[in-house]
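Here is the structure we will look at.
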Amino acid sequence: MVAGFLMACAPAGAAGVEMPLWSVAPFVGLLLSIAFLPLAAPHWWHENKHKAIVSLAFGVPVGIYVAIRDPHALVHTGLEYLAFVSLLGALFVISGGVRVRGALAGTPLGNTAVLALGAVLANFVGTTGAAMLLIRPYLKANAHRRSRVHQIVFFIFIVANCGGCLTPLGDPPLFLGFLNGVPFQWTLRLWPQWLVMVGALLVIFNLYDQYRFVREDLASRKDLVREVQSRKPISMEGTLNLVLLLGVMGTVLAGGFLVHPRWGETAAQLFQSMTMIGLAALSLALTSSRVRRDNEFSWHPFVEVMVLFAGIFAAMIPALAVLKAKGPEFGFSASWHFLWATGSLSAFLDNAPTYLAFLSMAQFLPDQVAGTTHAVLTAISCGAVFFGAATYIGNGPNFMVKAIAEHAGVRMPSFFGYSAWAAVILLPLLVAVTLIFFK
């Protein structure tokens, strides 16, 4: 059964037009700009208009080149970007209309509970939905803490990425797999990998947050335990937005189960995009402006992600084309090959299209390993989801969480600084997952 749907999972236009290797250079240039400009020119880079200039400088020439060589690929990517940004925007707007009054406890145990909740919630409302819903209450709960960077880094690791691998709703790569023939319930098979990865991250976070908490408490003149405890009962405003959040889930399911099988991928993308825009508009119209003002809602984080990923989506078209053309020559056969190849590229190419590229590549497996298709599909899925946390651009919510945290006053690490956190925390866990499940 798995071999059957694996053979049928190549995306439309997967063959496409072969691109020269040099056409990948603008994508590399854009990645280097995102990595170095915040360090070299932090004040200049802070303005979204300057991010847009850089994004357009690399993305527009590639878009023109692709339009001449393979216009279908440009249209296909444009629709993917529209679906991506409309989903992200809808969740950003809707979650921004939910105001949590009072505060959660900013203790190590309370923070660990929020991250655990996010890991479960991500499988129902997606990593983006869970991240957007929880990040503001999480930041508010820790407003009195001095050491907050690690809290946001682990939030990206767990809630915005690793938590969402149990259902196709959890992470965009898995949803694309569902649209291309992977049974909806198949991802439940990933629970052992999910439990090891998320469980280990929660334990590490709790120990480190406890260490930082004790240091802060000793250095503080106040009783930090009392300071971070909520003195007001928890209540919510803008609860209508929770209904709209269910509407987002329903739209994703309707697009996958009803629209896509009948009218195809393009219709499903347009249906999802238009419905998401409508749900966001309803949230803006029906939610009191006071609630958003009290929530410190700002368009700056969303605009930042929108302009940067416009360039990323355009510039990565040749990189994905080269991967699809040259992929069968790489000689992958063992499941761990697919885990690390999918994962390594998912950290930089955006994990959703990378997942599809390796899923289509898996049909070239030699006959003698045809019986390992379950293992290969598991490896591709885990690689796309887990490694999406390795950089800020690996998964859509990463940059959004970073931007919201910075707007709240958290001095987030640079591109390289965050990647260093990932190398120290995630890399050993990924090696352990490889040895346990994919050796």
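Against the list (1) touching a Leu at 6+ places or on another chain (Cβ under 7 Å); (2) under 18 Å from residue 434 (Cα atoms); (3) at pLDDT 75 or above, the condition residue 340 fails is (1). So which of 169, 117 is more than 17 Å from residue 408 (Cα to Cα) and buried (at least 20 other Cβ atoms within 10 Å of the Cβ)? Checking each option against the conditions leaves just 169. Against the list (1) of a type in the set (A, V, I, L, M); (2) touching a residue at least 40 places away in the same chain (Cβ under 8 Å); (3) outside any loop (DSSP other than H, G, I, E, B), the condition residue 19 fails is (3). Residue-level check: of (1) touching a Leu at 6+ places or on another chain (Cβ under 6 Å); (2) surrounded by fewer than 21 Cβ atoms within 10 Å (Cβ to Cβ); (3) hydrophobic (A, V, I, L, M, F, W, C), residue 379 misses just (2).
Here residue 269 meets each of (1) under 19 Å from residue 94 (Cα atoms); (2) surrounded by 14 or more Cβ atoms within 10 Å (Cβ to Cβ); (3) among the polar types (S, T, N, Q) with one exception, condition (1). The set of residues in the range 411-428 being hydrophobic (A, V, I, L, M, F, W, C) and surrounded by fewer than 18 Cβ atoms within 10 Å (Cβ to Cβ) consists of 416, 420, 423, 424, 427. Is it the case, given these coordinates, that residue 150 is within 21 Å of residue 312 (Cα to Cα), surrounded by fewer than 24 Cβ atoms within 10 Å (Cβ to Cβ), at pLDDT 90 or above and not hydroxyl-bearing (Ser, Thr, Tyr)? It is false that residue 150 is within 21 Å of residue 312 (Cα to Cα), surrounded by fewer than 24 Cβ atoms within 10 Å (Cβ to Cβ), at pLDDT 90 or above and not hydroxyl-bearing (Ser, Thr, Tyr). Take residue 77 and decide whether it is among the hydroxyl-bearing types (Ser, Thr, Tyr), over 25 Å from residue 198 (Cα atoms) and touching a helix residue (DSSP H, G or I) at 6+ places or on another chain (Cβ under 7 Å). So residue 77 passes the test. The single condition from (1) out of contact with any Pro (no Cβ under 9 Å at 6 or more places or on another chain); (2) farther than 24 Å from residue 169 by Cα that residue 318 fails is (1). For the range 372-387, indicate whether the set of residues that are hydroxyl-bearing (Ser, Thr, Tyr), touching a residue at least 40 places away in the same chain (Cβ under 8 Å), in contact with a helix residue (DSSP H, G or I) (Cβ under 7 Å, 6 or more places away or on another chain) and outside any helix (DSSP H, G or I) is non-empty. Checking the range 372-387: not a single residue is hydroxyl-bearing (Ser, Thr, Tyr), touching a residue at least 40 places away in the same chain (Cβ under 8 Å), in contact with a helix residue (DSSP H, G or I) (Cβ under 7 Å, 6 or more places away or on another chain) and outside any helix (DSSP H, G or I).
Looking at the range 29-120, the helices (runs of 4 or more DSSP H) lying wholly inside it that each contain 3 or more residues that are under 20 Å from residue 320 (Cβ atoms) and within 24 Å of the chain's Cα centre (by Cα) sit at 48-69, 71-96.
Among the residues of the range 235-256, just one is modelled with pLDDT under 85, closer than 13 Å to residue 98 by Cα and either polar (S, T, N, Q) or in contact with a Pro (Cβ under 9 Å, 6 or more places away or on another chain) (or both), namely 235. For the range 199-234, which positions are surrounded by 14 or more Cβ atoms within 10 Å (Cβ to Cβ), of a type outside the set (Gly, Ala, Ser) and modelled with pLDDT of 70 or more? If the condition is that a residue be surrounded by 14 or more Cβ atoms within 10 Å (Cβ to Cβ), of a type outside the set (Gly, Ala, Ser) and modelled with pLDDT of 70 or more, then 201, 202, 204, 205, 206, 208, 209, 210, 212, 213, 216, 217 are the ones that fit. What about residue 91, is it touching a helix residue (DSSP H, G or I) at 6+ places or on another chain (Cβ under 6 Å) and modelled with pLDDT of 90 or more? When the stated conditions are applied, residue 91 does not pass them.
The values are calculated or read from the model by the stated rules, or taken from the named source; none is laboratory data. This structure is a prediction, so every number in the text was calculated from the model and none was measured. Here Cβ is always computed from backbone atoms with ideal geometry, including for glycine, and neighbour counts include all displayed protein chains.
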